[in-house]
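Please treat every number below as a calculation from the coordinates, not as lab data. Given the structure is predicted, the values throughout are model-derived calculations rather than measurements.
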Amino acid sequence: MEEQPEQVETPEEEVEEVTEDMDLDLIDKAEKAAERIETATQAMERQIRKLEKLKMESILGGKAQTNMKPPEESNADYAKKVMANEQETRP
């Protein structure tokens, strides 16, 4: 007599029935999330415009942050230029 392997019954997973209410709830949540994203985007755009304005004012005001340093001038060179009337005196 041949033995057959014992069949194990696997319980079927209960699938939750999707109802129209669930679909509407998901849509509602997605719409609220989209509204929050739009609001945050508008706030970020306002902040970016403020930063751009400050940067322009800084550049136009001569206070721009650059890596360039003014050329260093020795006291002797400065004295020669002042004596030759090529440069105004230091403030």
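Of note:
- The alpha carbons of the stretch 18-65 stretch over 65, 13, 6 Å along the principal axes, in descending order.
- Karplus-derived HN-Hα couplings along the stretch 54-62 (A = 6.51, B = -1.76, C = 1.60, θ = phi - 60°), whole Hz, x at Gly and Pro: 4, 5, 5, 4, 5, 5, 5, x, x
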